[in-house]
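In what follows, a structure is listed as structure tokens, so that the remarks can point back to it.
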Amino acid sequence: MLKKSFTFLLLFLCSLFAKDIEPTFSLNATGGVVDLVLNENKIYASTLSSSVDIFDMAKKEKIDSIKIPKIKDFTQNVIESKIYSVDILKENVLILSQGENGGRNLFIYNSGKLLPLIEDKEKLYISYAKFLDENHIVYALLSNQIFIYNIKNRTIEKQIQVSQSKFSSFRLNETKTQIIVSDESGVLTLVDTKNLQIIKTFENMNLDNVFQVDIKNNTIITAGQDGRCVVYYLSKKEPYFKKFDFLLYSAGLSSTAKFGGISSDEENNVTIFNTETKENIAKLVKNKSTITNIVFINENMVIVSSEDKQINIYKLN
């Protein structure tokens, strides 16, 4: 009993004194960053300003930008188009952007050209889109329907209504065989991407909207409106949650899932913790706005983006 009490006290004290870490270096995007992917040592950042910015991590600089057309709002004023998501597969860049009259535009960019796949006039309120393979895209509507789209044929091959709750977020696992979907109910749904059949649901841990979710190495992490960061396992291992005194907007896992990151307070700091011991090990500071993405480069380096232009890169040790 004494040993257990000492262990608890030690973990509590470690959590209290997790070290503050400032960015090792920063990159500046064209506008506030919405979505971010890392591919072959390059960062692709979608922005609020009609641009996908490409950064070279080795050079620590922006090397290119993909521009999409600006749009007209309801008063016919020309405004920037928000780019909701971006993805990269070989030489193809998938871009989901704000269209006119509330619609969405889905493009593939290759060799300096934008190929429209779905246009805003179709009135599809797509929230998020990613590549499954060279021939297929998976995308989600705000209504929480998930679709598998054939790029070549421009047809929908499969679809599923995940739930009646409003869609929040999805992530694909490393092999793109499974997709974890979160929504405003707090329930997570694991779906097989081959047949769009529900494999499993996770519930009763988040009590409200799960803004963002991640899945790595058979481990799931959530960022909840209820201030709970839940860690679930695809194995029989018991889930748990860490409680914070603020809405949690973003979460990410390292490739091994040993470390998790969570946007943890109103000062836009990110708490890094060991998912096995539950111990807080670091607080990533100097982020200027609401956190949008937490991406682990490896077990020791983390990219943090926000609704500000600045993208921060941190070294944990």
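The values are calculated or read from the model by the stated rules, or taken from the named source; none is laboratory data. This one's a predicted model, so the numbers in the text were calculated from it and none came from an experiment. As a convention, Cβ positions derive from the backbone with ideal geometry for all residues, glycine included, and neighbour counts pool all protein chains shown. The accessibility values were calculated without ligands, DNA or RNA, using every heavy atom of the protein model including side chains. Shrake-Rupley method; radii C 1.70, N 1.55, O 1.52, S 1.80 Å.
Rounded to the nearest 10 degrees, the angle from helix 2-16 to the longest Cα principal axis of the chain is 40 degrees.
Per residue, the accessible area of the chain comes to 48 Å² when a 1.4 Å probe rolls over the protein heavy atoms.
Each Lys and Arg contributes +1 and each Asp and Glu -1, all at the Cβ; summed about the Cα centre of segment 81-142, the dipole is approximately 140 debye.
A straight Cα-to-Cα reach below 14 Å connects residue 19 with the aspartates and glutamates 279, residues fewer than 8 places away in its own chain not being considered. Listed cross-link partners 243/315; 176/216; 242/283; 130/216 are compared with a 19 Å cut-off, the Cα-Cα value being larger for 243/315. Using a Gaussian network model of the chain in which every pair of alpha carbons under 10 angstrom is joined by a spring, one finds that among 94, 124, 106 the greatest mean-square fluctuation is at 124.
Separation of segment 63-123 and segment 244-275, taken as the distance between their Cα centroids, equals 30 angstrom.
For the chain, the carbon plus sulfur part of the accessible surface works out to 50%, probe radius 1.4 Å. From the Kirkwood radius over Cα pairs of segment 186-317, Stokes-Einstein at 20 °C and 1.002 mPa s returns a whole-number translational diffusion coefficient of 144 µm²/s. Taking all protein chains as they are arranged and a probe of 1.4 Å, the heavy atoms of residue 154 leave approximately 110 Å² accessible to solvent.
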